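As structure tokens, the structure follows; a few thoughts come after it.
The values are calculated or read from the model by the stated rules, or taken from the named source; none is laboratory data. These numbers come from a predicted model, not from an experiment. Neighbour counts are summed over all protein chains in view; Cβ atoms, including those assigned to glycine, are modelled from backbone coordinates with ideal geometry. Accessible surface areas use protein heavy atoms only, side chains included; no ligands, DNA or RNA. Shrake-Rupley method; radii C 1.70, N 1.55, O 1.52, S 1.80 Å.
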Amino acid sequence: MSMLTPPGMGGKYRITGARYPRMRRPRNRRRIVAAVVGAVAALSLVGWGTLQLIDVFTGGGGRASAAGRAGCAPRTGASPSPAAAVALPKPGDITVNVYNATKRSGLAKQTADELKKRGFRIGKVGNADAKYDKKVKSAGMLLGAPNTSEGPFKVLATQVTGTSSGADQRKTQDVDLIIGDAFKSLTTKADADAALIALTNPSPSPSASKKC
């Protein structure tokens, strides 16, 4: 081995002449991997920080919008409380006088008997006065004191479809049902009961529907 041969070469590389073999420094792979990992971590931190700033300046609108799109939840405080039940008299608290203003005989008694089965109190039954006889073209006319339209009229109207109404100067709280030419029969009991329930328990306002 020549004295000019670098130590550790084991005689593999020999110096011949004035030229020396080039010695490459081994690449430091660990440094390269560490640099890549550090760059990824830095980009992740920058992205997370950007999202935090967006939430701060928008009041968390990003998350709220995503939640709204996913569940389409109603706006907080937008739904009103259910409508309160309306206080109306019960059928047993209403006295109904039934008069027949048509050419069909026995219609007043037949109608009065059915109303009695449905819980109404029946007063007078007979033919209508000349003022109304053969002159009521609707299914029926409800007649009573001026303050009966907000209570007894509404309840009795659930039993007869297509009635008109009027007021006179009576002082009592009884109500007249004057049967007119368009009358065929009372509303079925099931339909009348459903109408009465809807009347006493109105549905919530449409504004309670959720907004997306």
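Pick from region 140-161 the residues that are without any contact (Cβ under 8 Å) to a residue 40 or more places away in the chain and part of a helix (DSSP H, G or I): which of them is farthest from the chain's Cα centre (by Cα)?
If we take residues in region 140-161 being without any contact (Cβ under 8 Å) to a residue 40 or more places away in the chain and part of a helix (DSSP H, G or I), then PRO146 is farthest from the chain's Cα centre (by Cα).
Return the total of residues in region 189-212 being at pLDDT below 90 and open to solvent by 40 Å² or more (accessible area, probe 1.4 Å).
The qualifying residues number 12.
Please determine, by comparing only the residues of region 140-188 that are open to solvent by 70 Å² or more (accessible area, probe 1.4 Å) and among the β-branched types (Val, Ile, Thr), which one is farthest from GLY92 (Cα to Cα).
Once the filter is applied, the top-ranked residue is THR161.
In region 106-139, which residue that is assigned to a helix (DSSP H, G or I), without any contact (Cβ under 8 Å) to a residue 60 or more places away in the chain and not charged (D, E, K, R) is least open to solvent (accessible area, probe 1.4 Å)?
By that ranking, first place goes to ALA112.
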